[in-house]
Amino acid sequence: MSIRKQLKKLEYRSRALQVKLGETVTAPLRNRSAADLGIMRPLPEPEPLSMTLTDALQSRHSEQQFAERTISDQQLVNILWAVNGVNRKDGKRTTPSPCGWNGILVYVVKSNGAWLWTPEKGALTYVKGGDLRSSVVPLNPLVARAPVHLVYVADLSSTRLKAFESAGEFLTLFRSGSSKRLGAWANNAVRSTVMIDVGAKVQTCYLACAAMGLASLCWYTPDHQKTAEALSLGPRQVVIASQAVGHPF
């Protein structure tokens, strides 16, 4: 066999080996979704809002019609940081969370898919593609067309919240009245914690929107199951409410 033919044979084998190695590396990734891979979309640093608190409170209102205009990444990150941003070196947040739970997840639903706000990184983590806005607001197309919907989800798998639930269940087993009352208090504390946390975030979103001249509407999610399926939530993740954000009509 000539040297030329041998070189061609070696070149062919080299290419075959490269293809095989490529398949070995990419095959495990092929069946994984973008969400599984943790694809993140970084957002710019939040900017200070110039409106005074008094003026923001005066301007705060609910709007049920939205213009079909997108909001900028800068406006979006300003809202997300206000709602659930990190404002101290120890990782504590801009809105209060009883017992330092921080178990409310903020999903961002847009025309290009659903994303999870990751406050520690100041970025959006990809969840699912497609326009899922009608799954969040199925009954009102005027609200559904808002460019951004924040979905507040309680992550009940939190260790601190589980401790409250377990304590409540344990104490209610005792016959004494004081133990039963304490157990009932622990069970109610779980619900109260979630509502306080979400309520603070909703109002903060309203104020941030008012400061930037944007419209907003807090919306009770009528079909929690449909929204949970759209966002691929786990069994211990519960949809509490959603909030539309956009330009006024």
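Looking at this structure, is Thr221 of a type in the set (S, T, N, Q), in a helix (DSSP H, G or I), surrounded by 20 or more Cβ atoms within 10 Å (Cβ to Cβ) and modelled with pLDDT under 90?
no
Between Leu116, Leu76, which is at pLDDT 95 or above and not in a helix (DSSP H, G or I)? Write out each step before concluding.
Details: Leu76 fails: not in a helix (DSSP H, G or I).
Criteria check complete, one pass: Leu116.
Could you go through the stretch 109-120 and let me know if any residue there is surrounded by fewer than 15 Cβ atoms within 10 Å (Cβ to Cβ), closer than 15 Å to Arg41 by Cβ and touching a residue at least 60 places away in the same chain (Cβ under 8 Å).
No; the residues of the stretch 109-120 include none that is surrounded by fewer than 15 Cβ atoms within 10 Å (Cβ to Cβ), closer than 15 Å to Arg41 by Cβ and touching a residue at least 60 places away in the same chain (Cβ under 8 Å).
The rows are residues; the columns are (1) outside the structural domain of Thr221 (by TED's automatic domain parsing); (2) of a type outside the set (Val, Ile, Thr); (3) more than 16 Å from Ser232 (Cβ to Cβ); (4) more than 15 Å from the chain's Cα centre (by Cα).
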residue: Thr70; (1), (2), (3), (4): no, no, yes, yes
residue: Asp73; (1), (2), (3), (4): no, yes, yes, yes
residue: Leu80; (1), (2), (3), (4): no, yes, yes, no
residue: Asn87; (1), (2), (3), (4): no, yes, yes, yes
residue: Pro119; (1), (2), (3), (4): no, yes, yes, no
residue: Pro141; (1), (2), (3), (4): no, yes, yes, yes
residue: Ser157; (1), (2), (3), (4): no, yes, no, yes
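Okay, residues lined up against (1) at pLDDT 70 or above; (2) in contact with a helix residue (DSSP H, G or I) (Cβ under 9 Å, 6 or more places away or on another chain); (3) aromatic (Phe, Trp, Tyr); (4) part of a strand (DSSP E or B):
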| residue | (1), (2), (3), (4) |
| --- | --- |
| Ser157 | yes, no, no, no |
| Arg175 | no, no, no, no |
| Thr193 | yes, yes, no, no |
| Val239 | yes, yes, no, yes |
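Condition check ((1) at pLDDT 95 or above; (2) surrounded by 13 or more Cβ atoms within 10 Å (Cβ to Cβ); (3) in a helix (DSSP H, G or I)) across all residues:
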site: Arg4; (1), (2), (3): no, no, yes
site: Leu17; (1), (2), (3): no, no, yes
site: Val25; (1), (2), (3): no, no, yes
site: Asp36; (1), (2), (3): no, no, no
site: Leu80; (1), (2), (3): yes, yes, yes
site: Asp90; (1), (2), (3): no, no, no
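Taking Leu53 and the conditions (1) among the aliphatic types (A, V, I, L, M); (2) more than 17 Å from Ala244 (Cβ to Cβ); (3) touching a strand residue (DSSP E or B) at 6+ places or on another chain (Cβ under 7 Å), which numbered condition does it fall short on, given that it satisfies the others?
Here Leu53 meets the rest and fails (3).
The values are calculated or read from the model by the stated rules, or taken from the named source; none is laboratory data. Everything quoted here is computed from the prediction, not taken from an experiment. Note: ideal-geometry Cβ built from the backbone for every residue, glycine included; neighbour counts use all protein chains shown.
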